[in-house]
Each structure stands twice: as structure tokens, then as C-alpha cells.
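**Student:** I'd like to ask some things about the structure below.
Values quoted throughout were computed directly from the atomic coordinates according to the rules given, and no laboratory measurement underlies them. Keep in mind the model is a prediction, meaning the values are calculated, not measured. Methodologically, a virtual Cβ is constructed for each residue, glycine included, from the backbone with ideal geometry; neighbour enumeration extends over all protein chains shown.
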Amino acid sequence: MREITAADMKDMARGAAVLGTGGGGDPYVGRLLAQQALDRHGPVRLVDVDEVPDDALVVPTAFMGAPTVMLEKLPAGDEMTRALRALEKLLGRTVTHTVSIEAGGLNSMIPFVAAAELGLPLIDADGMGRAFPELQMLLPTLGGIPATPMAVADERGNDLILRTVDNGWAERLARSATVEMGCSAAVSLYALTGAQVKEFMVRGTMTLCERLGTAIREASRNHTDPVAAATDVLAGRRIFTGKLVDVRRGTAGGFVRGDAVLEGLAEDAGHTLEFAFQNENLVARRDGEILASVPDLICVLDSDTGEPVTTEALRYGLRVSVVAAPCDPRWRTPEGLALAGPGVFGYDHPYVPV
Amino acid sequence: MLKLGIDVGGTNTDAVLIRDSTEGAVLGVTKAPTTADVTGGIVAALRDLRETTGFEPGDIAAVMIGTTHFINALVEGGSLAQTAAIRFGLPATRALPPLVDWPQRLRTAIGGHSFLCHGGHEYDGTEIGPFDEFEFRTVLDKAVQAGATSFAVSSVFSPVNAEFENRAAEIIAEQLPGAPVSLSHEIGRMGLLGRENATIVNAALRDLADHVTTGLTRTVAEAGIGAPVFLSQNDGTLMDIDYARRYPVATFASGPTNSMRGAAFLSRTPSCAVVDVGGTTTDVGILRNGFPREASTDVSVAGVQTNFRMPDVLSIGIGGGSHVAQGADGITVGPESVGYRLTERALVFGGGQLTATDIAVAAGRADIGSAGVIGNSTRVAHLDPSLVEGALARIGARMAETVDRMRISAEPVPVVAVGGGSILVPDDLPGASEVIRPEHFAVANAIGAAIAQAGGEVDRVFSVSPQQREAVLDEARQEAVDRAVAAGARPGTVEIVDIEEVPLAYLPGNATRVRAKAVGELSLGGDRDA
């Protein structure tokens, strides 16, 4: 167990944006929310998965909706605790811990708010080890854990309880409720026992975010290569360094789809890398050959500063490096690929592990 | 038609006289030290320019001024008004009230008055809640009692619907006639905190803006010039003096923008890379159709996160004063530099430090005979030719690499070399179609101000169904054109220079953020009727 204070959140948010692989929402607002909550209520206890008793009742919280909306219509602040309390009341048992469902992007920060306000310990883990666009895309889904009962809460005070036949329906119904609530709402779902956390969650991802963020900041300050530092922490591989020469975007079914083209610099001069994204980066092809694809992580970092670049910030002329890193091995099983592999995102090519 | 361009920097005030922007003749340039009251330097510069060029004050058609005065005031935290930051958004946004991420020092400097009211809009333009007039009037009373004299009003999704901000402005005008009001939808774009912060900064600068704009108008009038006075904005377009009085924050990025635009104009290459070599660093920026490419990331100004669009500039640690050394790993240039002490420390000036300028002189790049300012070449005659050649190659390679990283296609680009250290830029820079060294580059800022046009910009979320896409883009284009005309552009000369559409992620309903920018020739004097 260790205590996390407001001062730790900047590095953690930077690392979370790297794991966001271009999506997951800019953690800026999430970080401010967490910093405010930590300043007001004191530090949060971050506990290792092994410290959690098997019979613990662990209830995650997250934000659902459009990150761009959340940068404009900021949260009231009590949505996550209201969602968590609503679910707790329904379950009829006292929640002992909270945890993140998504380490990538904004949702790495949200559980810190609930943990600080409710005085709950936060478990150093998450349900994806990255970011995914839909709420059924969680490792616990593979383990047969239902996402519901689930609570959705908005800033007005509306609470909604969902019970669905499967996790895909939870996504569908919660998504449309979120739209009615103004495209941003807090959710509390996937109530787990301590034993289930040990079995189905990705361990150590909150500290991974922190280590990533710290490594990038320190490398940048010491004038060493921040992209190399991030690559080391991710145990990944730098697959390309180049300049963004084209970005094409369009919407399909509420999700932004697009492609970006990089022209190589330095040792990659003369080559091109294309990557496709649907909120998150999905597939990277070098001179037409697939080098990495979802569910592995494709992280786009600013070549100079190592700062993660989101798909919404992709612009002509940016100098970026692309780092591919292995996903949690459970995503690589046939069941994992059926839930979040290339086919789910409309690609007919087989998965190529990095 | 004659135009005066004036750049009021922290150290120097530069002034230029040009004849009509399209023709582009520079008739005179001058420099004077900037004074604390801003206007003293202008008086001196105008007097000098008049002596050297003999211009008649009555022949001046417009005076364009670029200044870093307002951004400097924010950085120093001085001359700031007691400001009330009032936001419509409750019950949303409560977690992060106005001023939330501000440095304590600045928050204190403006009084720290932060208020929240109910209302604002959803992304689709429906109300979060109704406007509560009683609540707002109560907040206003509290703000006044707390000592606030300037008012910054923000509202959730005001770029989609500005009704709450406009109603608040009406009530403030009625209750506190003449009190300065800054509205967020007129200042920033999507992203509440960044837009709100820019609005608060603007409000805090309103007193100073009153003072400075009055001083500028008076100074120009006292010089016998009856022409209208304009200030340069961040994006390289102009605002009239009344607009500047209300929106001082719009001058924040005008310095680097004017410098690059001035350099491009002087070299007559509207699309180019500008390489500005100073004493310690080299800054590289890219212009497309005469406007700098903008940085994609949000910028922090004096510790305040804002969403201004700043020019995209890449800096490397090589300048005229950079230390040059022969080490075990070969020749190094920079990042250590003698900086402004070049004329004491460099070998050519009798100092003991080998600098990049010494290398340039030893290679015969600087013609000392004519300029007489680059010191004594005999002091570097002893340098090993292989060191000189190696150092120059190293400098050229770094500059070429930087230009290459900035340019937007594989096509070679024209490179415009400016700045006191521009002799370091080789004529045969790899990746450059040509290297242009314009005259008068030392006053590129003032030239950039003098040639500026009037512009208008739209940045909004539109609901775009596939069949209506063209109609929506046309609507955005038309709005940008109308704004440019309202800002003083002559109808018929206005063109769209940039249009961008970004669909919003995770959001059904095809909500798309559209940004369009239009610019046109300034409408001056009689030609308004033409």
C-alpha cells in the first residue's frame, strides 16, 4: 500500500494518455478532478492486488460519453460517488474497494475521485490494460463477469439502474442513456469480489501509468530520448519515426474513424507508415505490411517531448514516433480476439502480435 | 497609399513606412528604445522616420501596431484589474470552478473572485437549465462588494449558443453602466477551461488596455497622423483600436506571427520556411499562404492553460553566440552560448570564446569590411580550416534537419533566413529550393504588422448529417467571411484561407466541429464605397 497525493497525478495522467493509444479521452480534466478531490480529502491509498481480501466487494467507476463534451460541460463532481452509492445500495453490501476499468486515458483518473471522496482504497489494476471504446471490452467479460447491475448518474441528479442480458446490451443501453444525459455521465458497473479482481483484472497498471509518465518527464528534462524511455517502460518496440503528412477522418455509428499517414524521418526516411484509428489507434502498416494491430497497443508520441498525441490532435506536420507494445496475453486468446480483435473493428486481416 | 507599421517590443520599438502592401516597397525603417509608458518609443521612432523619409502625416492611410505589452503585463502580474470570473454551468461544472488551475500568484493578483450560476447549454444547443436572473444579480452584487471592477463571463457550450453570456452582459450593462465585460464566446473556442481562462485574462487586462490604447491613439494623433490605428492579432490579422480596447488578449501571439509574416513578405514568398537565427537559438516556422502554421497543442501563458492558437515554432540550440568546441566525439556547436555578450566574448571581438560567429567570419561568410560590426577577422585567421569547415557543416546539417522536420511535404521549400545570426544559414541548405536573405529583416515584426489584413474566424460544433455537409460548410464559410468584413475587410477581397472539420469522438448524431478562417484587404478611407 502507498499513498497517492495530488502531486503524483500529473505523471500518472501523462502515462494514462500513453496507454490511451490515441483515445480514451484527454486525461486533463480527469487529472484536475482527481487533484481537487485529493487536495480536499487527502491522499488515496493505492493497494496492490495481492493485498485485497478475496471476499472484498470491489466496485469500479468510470465516465462514459464524448471526451470532447467533457472538456466543455465539466462534471459536477459527485456523479461518480452517486453512481457507486446507487450500485452499492442495490447490492445491499458495503463496498470495500474501488478500481479503474480502463487505465488508458481519462478513466484512469476517475476512480481517484471516488476513492478520495468515499475514503476507499483504490486497487492498482484495471480491466483492459489500455483503452477500448466500448464497455463490454473488458477482461472480466471474458471471465463471464456481468457488467450489470450497473448505475448511470448525471450531473442533474438522475440515477439509472440497468440490468441487461449481456455486456453488449449494457453498452448499447448505457450509451443511449448517456446521449440523453448530454453525452457525459458517470457509470458504476462490474461489481467484483477480491478473488475475481485477482483473476480477471490487469495488475499494476496504475503504477505503470505513473512510471511511464515519470520516465517521459525525466528523459525530457535530462535531454535524453523520451520516446526510448517510454518504449522501455512499455516493454514495446519503436516501429516508426516520421512526420504526419495526411489525416483523413469521418464518423461511422458515433465513432470517429480515420487514417493517418507518416512519412519517415532519420532511419525510416523513404518509408511510410499508415495507421488507422477508431478513437483509439487500431492498425499500423509500414509500406503496406502490418506491423501491429489491436488489441496490442499502438502509441503515438511526440518525437521531441515524448508526450502522447491523441487521435483528435493529429495534424499535418506533427513529428511523431510510433511505439507498439504487447497487450495483456488474455487479449491474444481466441476469446479475447473475438471480443476486441481486429475483426471486431471491421478488419479482415488476422491478428499479428507485436 | 502609405502605411506605418510599428512593433513595440520589450526592448526596442521598431517603425517602418511602406507603400501599399501589394507593391511592397519599404520606404524607411527605424529603431528606438521602448519606454515604460509604451508611447515614448513610438514618439521617438516616428520622429526619426519622418526625418529620414520626409513623409507627410496626412499621406498615411493606416497605422498598424504590434505589441507584446499585454502578454508581458500578464507574465509580470502587474497592472491587472480586480476581475470577477462568472460561469453559467450549474449543476454541471461545479467540480472545477473558474480559476481552478491558476498559479496562486496570478489568482491573487486579480482578486480570486470565482462564481458559478445555473444554466449554459448542452452540445446540441438545448439548455442545461433556465437563466436564473435573480441568482445572477445576486452573484453580481457579491462580486462588486468583493471589489471586482472587470467581469469575465463564460457559459457551457457558448460557442454553440451564446444566449446566457449575452443576457449576462445586458444585465451588467444595466446595473453597472460602463463596466468592462468580456464574454467567452467572443474570445476562445471549444474547451471550457481554456476559453474561460483566456476570457479572465482578457478581463484582467481591460484597464491596462484602456490606458494603452488611449495612449497609442493620442500619440499617433499628436504626430499629426489622422489615419485609423489598428493592432495586430495572434493570427496575423488586424483589429481596430476599439476592438483592441475590448480584446487585449488577442495580441498575445502577435510577436512571432508578425515576425514570420514580415520575413515572408520581405522575401516575396508567401509559402516558405522562416529560419530565424538569434544569439542562442534558431527558431523555424512554416508559412502557408502568408500565415504561420499553428501549433496543435494547448499553450500555457504565464502558467495559465489557454486554448489560443499559437504559431508552430521549433527551436534548436544554435545561434550566433553558440560555443564551438572540438571534442573527443567531434565538433560540437551549442547549446551553450555567450548570448547577448557576443560583442565581449567572441574571438572576433577580442574575447576568449570560440563562437559560431567566429566560424562564419573565418569562413569569409561575414563581410566585415562593409558592415564593420562583426569584429576583426584577423583574430580568427589562426583557426584550423578543418575545424571551420566541420563546424559549418554541423550547423548546416542541424538547420537542414530542423527545416525538414517542419516542412509539410517532400517538396523542397524556399527558406527565408533572418535574424542577427542568419549568416550561419548556408546558401546550399539541403531541402531548401533556395535560401533568401531579405533586406530589412531586423524590422520584420514591424513589417508584419504593416502588411496585416482583416480577418474573421468561426469555430463551432455543427450537427452535420451526410446530405447537409456542403450546406453546413458553406454556412461556416459565409460566417467567417461576414466576420472578416465586420472586422474591416473590403467585401470582394475576402477569401477563405483555412477550413477544417473534426467529427467529435464517441458522440452519435454527427456532431462536427468546423473551423473556418477568412481574410481580406483592409478597407481604408474612400475605398469603402468602391
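**Student:** Which one, A:Val29, A:Leu46, A:Gly157, projects farthest toward the positive side of the charge dipole computed for the stretch A:2-205 from Cβ point charges (K/R +1, D/E -1)?
**Tutor:** The listed residue farthest towards the positive side: A:Gly157.
**Student:** Which angle from 0 to 90°, rounded to the nearest 10, does the C-alpha axis of helix B:163-175 make with the longest principal axis of chain B?
**Tutor:** Long axis of B:163-175 versus the principal axis of chain B: about 80 degrees.
**Student:** Find the centroid of the Cα atoms in the stretch B:159-203 and in the stretch B:306-341, then give the distance between the two in whole Å.
**Tutor:** One Cα centre to the other: 41 Å.
**Student:** Treat the count of other C-beta atoms within 10 Å as a stand-in for reagent exposure and order A:Met70, B:Met64 from fewest to most.
**Tutor:** A:Met70, B:Met64
**Student:** Shifting gears a bit: Work out the mean other chain Cβ neighbour count within 10 Å for the residues of A:307-319 and drop it here as an integer.
**Tutor:** Numbers: counts 1, 0, 2, 2, 2, 6, 4, 2, 8, 6, 12, 5, 4.
Averaged over the peptide's residues, the number is 4.
**Student:** Find the Cα radius of gyration of the stretch B:81-204, compare it with 2.2 N^0.38 Å by division, and give the number to two decimals.
**Tutor:** Normalised Cα radius of gyration, the stretch B:81-204: 0.94.
**Student:** Could I have the simple spin-label model distance between B:Arg47 and B:Arg19, label points 7 Å from Cα toward Cβ, reported in nm to one decimal?
**Tutor:** 2.8 nm
**Student:** Also, I was wondering about something else. Going by C-beta contacts inside 10 Å, put A:Thr214, A:Thr61 in order with the fewest on the left.
**Tutor:** A:Thr214, A:Thr61
**Student:** Moving on to the next point. Need the C-alpha centroid separation for the stretch B:18-97 versus the stretch B:394-459, integer Å.
**Tutor:** Taking the Cα centre of the stretch B:394-459 as reference, the centre of the stretch B:18-97 is 24 Å away.
**Student:** With respect to the cross-link table entries A:Lys198/A:Lys243; B:Lys31/B:Lys517; B:Lys3/B:Lys517; A:Lys73/A:Lys243; A:Lys10/B:Lys517; A:Lys73/A:Lys198, which display a Cα-Cα separation exceeding 31 Å?
**Tutor:** A:Lys198/A:Lys243; B:Lys31/B:Lys517; A:Lys73/A:Lys243; A:Lys10/B:Lys517; A:Lys73/A:Lys198
**Student:** What is the extension gain from B:His382 to B:Ala486, computed as 0.36 nm multiplied by their sequence separation minus the C-alpha to C-alpha distance, in nm to one decimal? Kindly include the intermediate steps, with their values, before the conclusion.
**Tutor:** Numbers: separation 104, 0.36 × 104 = 37.44 nm, distance 6.31 nm.
31.1 nm is the gain from fully extending B:His382 to B:Ala486.
**Student:** List A:Glu218, B:Glu501, B:Glu170 from most exposed to least, where exposure is judged by having the fewest other Cβ atoms within 10 Å.
**Tutor:** Going from sparsest to densest Cβ surroundings: B:Glu170, A:Glu218, B:Glu501.
**Student:** Say each of B:Ile499 and B:Glu133 gets a label point 7 Å from the Cα, pointing the same way as Cα to Cβ; how far apart are those two points in nm?
**Tutor:** About 4.1 nm, to one decimal.
**Student:** What average count of beta carbons from other chains do you get within 10 Å of the Cβ of residues in B:101-107?
**Tutor:** The per-residue average across the peptide is 1.
**Student:** Moving on. With a cut-off of at most 16 other beta carbons within 10 Å, and DSSP calling the residue loop, which GluC sites (Glu not before Pro) in the stretch A:146-193 qualify? Please list them.
**Tutor:** none
**Student:** DSSP loop GluC sites (Glu not before Pro) in the stretch B:435-495 with at most 11 other Cβ atoms within 10 Å of their Cβ, which ones?
**Tutor:** Sites meeting the loop and neighbour criteria: B:Glu439.
**Student:** Nearest 0.05, what FRET efficiency do B:Arg288 and A:Leu91 give at R0 = 45 Å with Cβ-Cβ as r? Walk me through the intermediate numbers first.
**Tutor:** Values: r = 58 Å, r/R0 = 1.29.
Step by step, r from the Cβ atoms, then E = 0.20.
**Student:** Pulled fully out, how much extra length does the chain show between B:Leu176 and B:His323, if you take 0.36 nm times their separation in residues and subtract their Cα-Cα distance?
**Tutor:** In short, 47.0 nm is gained.
**Student:** Here's something else I'd like to know. Sort A:278-286, A:48-56, B:70-78 for me by packing, meaning the mean count of neighbouring Cβ atoms within 10 Å per residue, highest on top.
**Tutor:** Sorting A:278-286, A:48-56, B:70-78 by mean packing, highest first, produces A:278-286, B:70-78, A:48-56.
**Student:** Just need log10 I(q)/I(0) for the stretch B:316-445 at q = 0.10, 0.14, 0.18, 0.22 Å⁻¹, Debye formula, equal scatterers on the alpha-carbon atoms, no solvent, rounded to two decimals.
**Tutor:** So the normalised log intensities work out to -0.32, -0.62, -1.01, -1.40.
**Student:** Also, quick follow-up: Could you compute the FRET efficiency for A:Glu218 and B:Glu401, with r as their C-beta to C-beta distance and R0 at 30 Å, rounded to 0.05?
**Tutor:** 0.75
**Student:** Enter the mean number of other protein chain beta carbons within 10 Å of the beta carbon of each residue in A:72-82, as an integer.
**Tutor:** 6
**Student:** Right, something else. Can you classify the stretch A:225-345 as rounded, prolate or oblate using the Cα gyration tensor, where a ≥ b ≥ c are the square roots of its eigenvalues, rounded means a/c under 1.5, and otherwise it's prolate if a/b beats b/c and oblate if not?
**Tutor:** Oblate.
**Student:** State the Kirkwood hydrodynamic radius of the stretch B:204-340 in Å, one decimal place, computed from all pairs of distinct Cα atoms. If you can, show how the numbers build up before the last one.
**Tutor:** Working: mean 1/r = 0.0572 Å⁻¹.
One decimal place: 17.5 Å for the Kirkwood radius.
**Student:** Using unit Cβ charges (K, R positive; D, E negative) and no other charged atoms, how large, in debye to the nearest 20, is the dipole of the protein assembly as shown about its Cα centre? Intermediate results must be reported in sequence, preceding the final value.
**Tutor:** Values: 74 positive and 110 negative charges, 144 e Å.
Computed charge dipole of the protein assembly as shown: roughly 680 debye.
**Student:** Pull out a ≥ b ≥ c, the square roots of the eigenvalues of the alpha-carbon gyration tensor of the stretch A:153-217, then state rounded if a/c is under 1.5, prolate if not and a/b is larger than b/c, and oblate in the remaining case.
**Tutor:** Since a/c reaches 1.5 but b/c is at least a/b, the shape of the stretch A:153-217 is classed as oblate.
**Student:** How would you classify the stretch A:2-205 from its alpha-carbon gyration tensor, with a ≥ b ≥ c the square roots of the eigenvalues: rounded for a/c under 1.5, else prolate if a/b is greater than b/c, otherwise oblate?
**Tutor:** Judged from the Cα gyration tensor, the stretch A:2-205 comes out rounded (a/c under 1.5).
**Student:** So what are the protein assembly as shown's ellipsoid semi-axes, whole angstrom, largest first, if each one is the square root of 5 times an eigenvalue of the alpha-carbon gyration tensor?
**Tutor:** 49, 35, 24
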